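Below is one structure; the comments refer to it alone.
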Number of protein chains: 2
Amino acid sequence: MTQTLEPQAEPDATTPDARAQAWFAAFESALAAADGAAVADLCARECYWRDLVSFSWNLTTVEGHAGVADLVTENAARVAAHGFALTEPADEADGVVTAWFGFETSVGRGTGLARFVEEDGGLRAWTFLTTLDEIKGHEEPRGTRRPKGVAHGAFKDRVTWKEAREQEAADLGVTEQPYVLIIGGGQGGIALGSRLRQHGVPALTIDKHDRPGDQWRRRYKSLCLHDPVWYDHLPYLKFPDNWPVFAPKDKIGDWLEFYTRVMEVPYWSKTVATSASYDEERGEWTVEVERDGQPLTLHPTQLVLATGMSGKANVPRLPGQDVFRGEQHHSSQHPGPDAYAGKKCVVIGSNNSAFDICGALWEVGADVTMVQRSSTHIVKSDTLMDIGLGALYSEEAVAGGVTTEKADLIFASLPYRILHTFQIPLYDQMREKDKDFYDRMEKAGFWLDWGPDGSGLFMKYLRRGSGYYIDVGAAELVADGEVKLVRGQVDHLTESAVVLEDGTELDADLVVYATGYGSMNGWAADLISQEVADRVGKVWGLGSDTPKDPGPWEGEQRNMWKPTQQPGLWFHGGNLHQSRHYSQFLALQLKARYLGLDTPVYRLQEVHHLG
Amino acid sequence: MTQTLEPQAEPDATTPDARAQAWFAAFESALAAADGAAVADLCARECYWRDLVSFSWNLTTVEGHAGVADLVTENAARVAAHGFALTEPADEADGVVTAWFGFETSVGRGTGLARFVEEDGGLRAWTFLTTLDEIKGHEEPRGTRRPKGVAHGAFKDRVTWKEAREQEAADLGVTEQPYVLIIGGGQGGIALGSRLRQHGVPALTIDKHDRPGDQWRRRYKSLCLHDPVWYDHLPYLKFPDNWPVFAPKDKIGDWLEFYTRVMEVPYWSKTVATSASYDEERGEWTVEVERDGQPLTLHPTQLVLATGMSGKANVPRLPGQDVFRGEQHHSSQHPGPDAYAGKKCVVIGSNNSAFDICGALWEVGADVTMVQRSSTHIVKSDTLMDIGLGALYSEEAVAGGVTTEKADLIFASLPYRILHTFQIPLYDQMREKDKDFYDRMEKAGFWLDWGPDGSGLFMKYLRRGSGYYIDVGAAELVADGEVKLVRGQVDHLTESAVVLEDGTELDADLVVYATGYGSMNGWAADLISQEVADRVGKVWGLGSDTPKDPGPWEGEQRNMWKPTQQPGLWFHGGNLHQSRHYSQFLALQLKARYLGLDTPVYRLQEVHHLG
């Protein structure tokens, strides 16, 4: 066979890479003209553009041609996005072209991830993620920009690092006000505090416990993280490769303490905020705190509640609670099992806390009964790790080039509106894999569910933050009858028992209300006022119109990591993954305000529910 | 132009990669036959094989055909090395083919780096590095082997991580003896302790200070690391990318303290060893320690001195020291400058400590005179970083794929015999770059040198561990006359002055003897006995027959990180780079002994100098 070598043709316009490049060229032109219709025309009929701060100064997802056109029309001129370029060759699989890209705006630099489909004879964007990475002229001092550390030379007024840190600690909250006050110093407050420190935004994290990490240390003794290590990294400093897959609580506590110190996060332990009020005119909060018992008034411009995504405890009011002679408390107040060996314990609830507490009580030899009031979704931890997270967060993913940073963006690029469609097949696999386990649970009388649409645990987490158990062992105790199970609603308590609506009487020395938590705006009600809590409305949930996640559709986590209807008030938190990834965007929003940049919020969320 | 496409020929035997592969095939065959002559024949006439543990259970470099043949003849049958394979394509530059490779031995897996030259019509090994990475069946629990952390399931006898750690801490040294006792808990003791922890070897690090990191915190206040961050990482957990280039001492102190905690290094602070003796028959040490004032006897099998590579302070004996009415102390005892504002200070010596102390005293307003007794080599810190380290340890190196791990191996692969030939051109560049500075120093009367062969700082460090200053600013004070300089030998002290041999009288309220340190076997003399110290002999130095590094040629750092003539006694330390890299090899040697493997030492070093 012979062939003639011709001069190389133009780059092959049929490669995924060339097609994606051509698409971005057209996109950039349409964007430059702020031509919403033209941009929409580059998108598939079903399309989602999720923007994390770079275009919208908000976390928002627009849907369909109308949504895309609106986002462009409202923002493109101001944002002046340009310089779109693929950061690695675009890839095609199953008819979807995937492209990682970078871009600039008038104020910053961003990263994006797009998925394209073929439609009407051309490549059209199906999912489109844009994120803000940094603000130009205010890049973080990392890598080539890292600080020098030493001031070479000889100076009669030299101030050492230690002296500077001590002076800063002495001034903070006394002569220098933090621009941002973060209430709550768990992983959320620490991750955000660390980001703000890096960004040079004066911030202070306060927490009621004795030391950073006590939020974990003080929980029940057998607790380990339910998520695997690859999912749990904090910003900037990853766990070393000897870190356990599921870290024990005290080890995580030590890491958080270490991290807070070496990242130089300004952090006050033993400090509680007792009240807060906002002065609209001055654009400033007055926050009363007690630091190690001493009262102090702070005046931050921005107030972040990072007090736990679970919000305030829901304790049911039941007749007879006043006559019950045993001990009763909410799961969040449960001191651990040690005092209850040999005691009769009734745990009301059947989600994570309930199972964890039942398991720990059984381990010390308590007589344990679980009261299941509604259906629960259960997945085995190992199965969840393999099937649910493995593609993005695992040793194999890292080996395949999916760093935590990339995994976070891939995950963020899946629009909430269709996320369940990616999840359902995974949970179908899990159900099949652990069929024997589920059969045994049902045989034991346990009322299982897989979410209203079979989409499983992560959607339940995002929609309502409850309704599931990641099984690390306690479910088997229920299946085996080692932990007794009864189903029904509690009617009242007597001096010595819990009585269900059907008359079942459960003798009890201890009653644990593992009855969940309210919306996080409850924290605002307690700290600020009911009026402000109501102005902000419900925190968490997508508006999916499924149980405990009422509509209308919001398309993002309500009120999380983004501006609320209350100026200067923000909510931060979630699991370690969210604390890590979304702290990036919350920190940039706060930094932009600190710098005095214009930050017009596109589609500031409406409030539909008070809590 | 047309051409005929032929079936692909055999891999091109002229590519560097194919040639290196062919070389390794021949090498492996010759090795399998334990044919020393055949292996030697594959080497260039000038050749160096440096083995770090994998072939020799030693750190050793053999030179020339005779050396290679001997190493093979003595070890190849036992080691049974095989499976040599390139780990990335071999590369050719300037007539040298460079190949990274992996291999196995009868007991472990290793990594190597070879450089080949063309000689006698074929590829011949010029430099050849073999290292041991892990012992088969005893791999470290990292990455895919990391611990699970939680024991899923429900157990009535559950022991939590915290409980296990507390039990271990209570038992260690009381009912459980450490197999390895490491005396000295600076970066050396911590890095080795961390490796042994990972390897599952029971070890204990003891240190006299209150907290890990105090070794740095307690030094003079303006101290920052003189080496840049890329050179300074500890094993397993790298500094984050916001870490300063030259970290301040207190920041390094904090890092060491928390590293010790999160790596779970068994570590006793406030503990001193008061005596040690070895029972040859039992193969065990008896070490008396005081832990927080309480006496305790330990019985480790292996004893590691990590008490500082500088060894014991050299304090000159001078007439009149007994009549001098001011304050006098060795640089290692210098408390920092604060008490000496306005005082007349005479610093005897002109190396690192002398300059650092002079600079700090000047900064607080002392009247400072430096006494230079011999020539000193000075390089500016920034210049050293750019020219001396940049190719291996810098942001650019990391971006170019030269990880710290790779840089360490590249550095280790350069034979000590010819290392100076790689260094000389770098120091020629530095001299040129900072010519103006050196001219000013000489004009100020400073006696400069560049090492006996112009090979500069790093060779001085390896040969004698002294004789230089990495200028972070204080040299300019001498150039400007802000710190006064006199040259000469000290003859005696009077009640109020230092008097030189030429009669010069220097009034002094304070005399600092920045007069260096002795050999590390001085520690052994103090702790164990002079007899053992003499059996071990001089520690440090290459045997280069240059000042303070007497011959004969050793070819490795004497007595460092490898077996000594005293069974069960080891020396560990050096800068952060050495503490990191060589702790790998010391840990594997200790682990092999802990496992009871046969560890015949090839070429156990001879002793030529007592200290």
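The values are calculated or read from the model by the stated rules, or taken from the named source; none is laboratory data. Predicted model, so just to flag it, every value in this text is computed and none were measured. Don't worry about glycine lacking a Cβ; one is built from the backbone with ideal geometry, like all the others, and counts go over all protein chains shown. Each accessible area value is taken on the protein alone, full model and side chains, heavy atoms only, with ligands, DNA and RNA left out. Shrake-Rupley method; radii C 1.70, N 1.55, O 1.52, S 1.80 Å.
Taking a ≥ b ≥ c as the square roots of the eigenvalues of the Cα gyration tensor, region A:446-508 is prolate, since a/c reaches 1.5 or more and a/b is larger than b/c. Excluding ligands, DNA and RNA, what is the solvent-accessible area per residue of region B:111-230 at a probe of 1.4 Å, expressed in Å²? Solvent-accessible surface per residue comes out at 39 Å². Between the Cα long axis of helix B:187-199 and the first principal axis of chain B there is an angle of about 30°, rounded to the nearest 10. Label-to-label distances for A:Glu290 across copies, nearest first, come out at 4.5 nm, using points 7 Å from Cα in the beta-carbon direction. Looking at the P(r) of region A:244-342, how many percent of alpha-carbon pairs lie beyond 20 Å? Value for region A:244-342: 66 percent of Cα pairs lie more than 20 Å apart. Rolling a 1.4 angstrom probe over region B:392-518 with all protein chains present gives an accessible area of which 50% lies on carbon and sulfur atoms. A simple spin-label model places the labels of A:Ala26 and B:Ala37 7.5 nm from each other, with each point 7 Å out along Cα-to-Cβ.
Computed with every protein chain present, the accessible area of B:His82 is close to 70 Å² [probe 1.4 Å].
Subtracting the Cα-Cα distance of A:Thr87 and A:Ser277 from their residue separation scaled by 0.36 nm leaves 63.8 nm. For region B:221-291, pairs of C-alpha atoms spaced more than 17 angstrom apart make up 61 percent of the total. When the surface is traced with a 1.4 Å probe over the full set of protein chains, A:Lys238 keeps roughly 80 Å² accessible.
A simple charge model with +1 on the Cβ of Lys and Arg, -1 on the Cβ of Asp and Glu and nothing else charged puts the dipole of region B:202-312 at about 560 debye relative to its Cα centre. For region A:378-426, a decrease in accessible area of 50 Å² or greater in the assembled protein chains relative to the isolated chain, with a 1.4 Å probe, applies to A:Glu395. Of the residues B:Leu448, A:Leu542, the one with the largest accessible area comes first in the ranking B:Leu448, A:Leu542, computed with a 1.4 Å probe on protein heavy atoms.
In angstrom, the C-alpha Rg and Dmax of region A:34-114 are 12.7, 37.
Basic side chains Lys and Arg get +1 at the Cβ, acidic Asp and Glu get -1 at the Cβ, and with that the dipole of chain B about its Cα centre reaches some 1420 debye.
Residues of region A:230-250 whose accessible area (probe 1.4 Å, heavy atoms of protein chains only) drops by at least 40 Å² once all protein chains are present, relative to their chain alone: A:Leu237, A:Pro240, A:Asp241, A:Asn242, A:Phe246, A:Pro248, A:Asp250. With unit charges on the beta carbon (Lys/Arg positive, Asp/Glu negative), name the residue among A:Leu542, A:Tyr513, B:Gly137 whose Cα is farthest towards the positive pole of the charge dipole of the protein assembly as shown. Most positive-ward Cα: A:Tyr513.
Three principal axis extents describe the C-alpha atoms of chain B; from largest down they are 89, 77, 47 Å.
Largest first and in whole Å, the equivalent-ellipsoid semi-axes of region A:3-151 read 29, 23, 13, each the square root of five times a Cα gyration tensor eigenvalue.
Loop-located trypsin sites (Lys or Arg not before Pro) in region B:84-136 (DSSP state other than H, G, I, E, B) with a sparse environment of at most 16 neighbouring Cβ atoms within 10 Å: B:Lys136. Normalising by residue count, region B:271-323 has a Cα convex hull of 141 Å³ per residue. The 1.4 Å probe gives accessible areas that order B:Lys343, B:Lys251, largest first, as B:Lys343, B:Lys251. Sequence-ordered 3J(HN,Hα) estimates for region A:14-30 from the Karplus curve with 6.51, -1.76 and 1.60 and θ = phi - 60° stand at 9, 6, x, 5, 5, 5, 5, 4, 4, 4, 5, 4, 5, 4, 5, 4, 5 Hz, glycine and proline given as x. Helix B:161-171 axis versus longest C-alpha principal axis of chain B: approximately 60°, rounded to the nearest ten. For chain B, the longest principal axis of the C-alpha atoms and the axis of helix B:64-79 are separated by about 70°.
Each Cα pair under 8 Å and six or more residues apart adds its sequence gap; the mean of these over the residue count of chain A is a relative contact order of 15 percent. Across the identical copies, the 7 Å label point of A:Ile418, projected outward along Cα→Cβ, sits 6.1 nm from its counterparts, in ascending order.
Counting only protein chain heavy atoms and rolling a 1.4 Å probe, the accessible areas of B:Arg197, B:Arg431 rank, largest first, as B:Arg431, B:Arg197. For region A:123-162, a reduction of at least 50 Å² in accessible area between the chain on its own and the assembled protein chains (probe 1.4 Å) is found at A:Arg146, A:Lys148, A:Val150, A:His152, A:Ala154, A:Lys156, A:Arg158, A:Trp161. Please go through region B:531-602 and write out the chymotrypsin sites (Phe, Trp or Tyr not before Pro) that DSSP classes as loop and that have at most 14 other C-beta atoms within 10 Å. When the chymotrypsin sites (Phe, Trp or Tyr not before Pro) of region B:531-602 are filtered for loop state and at most 14 Cβ neighbours within 10 Å, B:Trp553 remain. Overall form of region A:494-571: prolate. Here a/c, set by the Cα gyration tensor axes a ≥ b ≥ c, is 1.5 or more, and a/b is the larger of a/b and b/c.
Taking amide H as placed 1.01 Å from N in the peptide plane, the amide H of B:His209 sits under 5 Å from that of B:Lys270, B:Thr271, each at least 5 places away or on another chain.
Among rounded, prolate and oblate, which fits region A:400-454 when a ≥ b ≥ c are the square roots of the eigenvalues of its C-alpha gyration tensor, a/c under 1.5 means rounded, and a/b larger than b/c means prolate? Because a/c hits 1.5 or more and a/b exceeds b/c, region A:400-454 counts as prolate. Heavy atoms of chains A and B lose about 5800 Å² of accessible surface on contact, summed over both sides with a 1.4 Å probe. Compared with the alpha-carbon gap, the fully stretched path from B:Ala313 to B:Ala399 is longer by 26.9 nm at 0.36 nm per residue.
Unpaired cysteine residues in the protein assembly as shown (no second Cys Cβ under 4.7 Å): A:Cys224, A:Cys345, A:Cys358, B:Cys224, B:Cys345, B:Cys358.
In a reduced charge model with +1 at each Lys and Arg Cβ and -1 at each Asp and Glu Cβ, the protein assembly as shown shows a dipole moment near 2180 debye about its Cα centre. Only helices enter the 222 nm calculation for chain B: every DSSP H run of n ≥ 4 contributes -39,500 (n - 2.57), and dividing by all residues gives -9000 deg cm²/dmol, rounded to 500. Summary: within chain B, the longest segment free of GluC sites (Glu not before Pro) located in DSSP loops with at most 15 other C-beta atoms within 10 Å is B:282-481.
Taking only the alpha-carbon positions of the protein assembly as shown and ignoring solvent, what does the Debye formula give for the base-10 log of I(q)/I(0) at q = 0.04, 0.06, 0.07 Å⁻¹? Cα-only, vacuum Debye calculation for the protein assembly as shown: -0.27, -0.63, -0.85. If you plug the beta carbon distance of A:Glu118 and A:Asp449 into 1/(1 + (r/R0)^6) with R0 = 41 Å, you get a FRET efficiency near 0.60.
Distances between placed amide hydrogens fall under 5 Å for B:Met309 paired with B:Gly574, all partners being 5 or more residues away or on another chain. For B:Lys208, the lysines whose Cα comes closer than 22 Å to its Cα, not counting residues fewer than 8 places off in the same chain, are B:Lys221, B:Lys249, B:Lys251, B:Lys270, B:Lys312.
Equivalent ellipsoid of region B:528-611: semi-axes from √(5λ) of the C-alpha gyration tensor, largest first, are 22, 16, 12 Å. Backbone N atoms of region B:414-457 closer than 13 Å to the 7 Å Cα→Cβ label point of B:Trp553 belong to residues B:415-421. Our analysis of region B:277-412 gives Rg over Rh at 1.11, with the two radii drawn from alpha carbon positions and Rh computed by the Kirkwood formula. Accessible area of A:Thr564 (1.4 Å probe, protein heavy atoms only, ligands and nucleic acids ignored): about 10 Å².
Split the accessible area of region A:82-150 by element, probe 1.4 Å, and carbon with sulfur accounts for 46%.
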